[in-house]
1. Which of the residues belonging to region 78-106 are more than 9 Å from the ligand (Cβ to nearest atom) and among the charged types (D, E, K, R)?
2. Please indicate, with yes or no, whether at least one residue in region 7-20 is within 16 Å of the ligand (Cβ to nearest atom), modelled with pLDDT under 95 and exposed (fewer than 10 other Cβ atoms within 10 Å of the Cβ).
3. Between a first residue in region 5-16 that is within 18 Å of ASP80 (Cβ to Cβ) and a second residue that is in a loop (DSSP other than H, G, I, E, B) and at pLDDT 65 or above, which pairs have beta carbons less than 6 Å apart while being 6 or more apart in sequence or on different chains?
4. Taking the condition at pLDDT 95 or above and under 26 Å from TYR24 (Cβ atoms), does ALA84 pass?
5. Looking only at region 53-73, filter to residues that are among the acidic types (Asp, Glu) and crowded, with 16+ Cβ neighbours inside 10 Å; which one of those is farthest from LEU13 (Cα to Cα)?
Amino acid sequence: MSEQPAGEGGLTLSALQRQIRRMYGAKDEARGDAATFLWLTEEFGELATALRSGTDEELALEMADVLAWLATLANIRGIDLEAAVARKYGAACPGCQAVPCICDPAEKP
Ligand SMILES: [Zn+2]
């Protein structure tokens with residue numbers, strides 16, 4: 001209970017997932033992935049509103065909500081977000097394998 005999720009070294013994605021699990025784990029499991037995805041999409045809408053007309057603080061907190069709901073979805077499906085991000089983006093652009101990315105701007109990523 002004494003773990004500090006946002007210490008001197010910053011908050012890792014793994015620590016965020018643990019914190020979300022401690023706070024909401026039982027509710028999240030009961031809600032399931034599909035309903036959680038709906039909440040995540042709702043938060044994207046709120047982020048869009050904050051981008052258009054919110055204060056910097058409102059924008060920051062909406063970004064936090066989007067990340068928290070993504071962490072929730074990862075918890076429900078047993079995904080280690082930190083490991084997934086490291087696998088996909090930890091070394092270089094997954095499209096062109098370069099840093100910085102040299103992909104054609106007309107194409108993803
Ligand atoms: Zn690239």
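1. ASP80, GLU82, ARG87, LYS88
2. The answer is no, given that none of the residues of region 7-20 is within 16 Å of the ligand (Cβ to nearest atom), modelled with pLDDT under 95 and exposed (fewer than 10 other Cβ atoms within 10 Å of the Cβ).
3. Cβ pairs passing all conditions: PRO5/LEU11.
4. Criteria met by ALA84.
5. From region 53-73, those among the acidic types (Asp, Glu) are 56-58, 62, 65; that's our starting set.
Okay, now just the ones that are also crowded, with 16+ Cβ neighbours inside 10 Å, so 62, 65.
Working: GLU62: 17, ASP65: 14 Å.
Restricting to residues being among the acidic types (Asp, Glu) and crowded, with 16+ Cβ neighbours inside 10 Å, the top hit is GLU62.
Residue-wise test of (1) under 18 Å from LEU11 (Cβ atoms); (2) part of a helix (DSSP H, G or I); (3) within 16 Å of the ligand (Cβ to nearest atom); (4) touching a residue at least 12 places away in the same chain (Cβ under 8 Å).
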position: ALA35; (1), (2), (3), (4): no, yes, no, no
position: TRP39; (1), (2), (3), (4): no, yes, no, yes
position: LEU51; (1), (2), (3), (4): no, yes, no, no
position: ASN75; (1), (2), (3), (4): yes, yes, no, yes
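Let's see how each residue does on (1) among the charged types (D, E, K, R); (2) closer than 22 Å to ARG18 by Cα:
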| position | (1), (2) |
| --- | --- |
| LEU61 | no, yes |
| LEU73 | no, yes |
| ARG77 | yes, yes |
| ASP80 | yes, yes |
| GLY95 | no, no |
| ILE102 | no, no |
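The values are calculated or read from the model by the stated rules, or taken from the named source; none is laboratory data. Computed from a predicted model, the values in this text were never measured in an experiment. Positions of Cβ are generated from backbone atoms using ideal geometry, with glycine treated the same way; all protein chains shown enter the neighbour counts.
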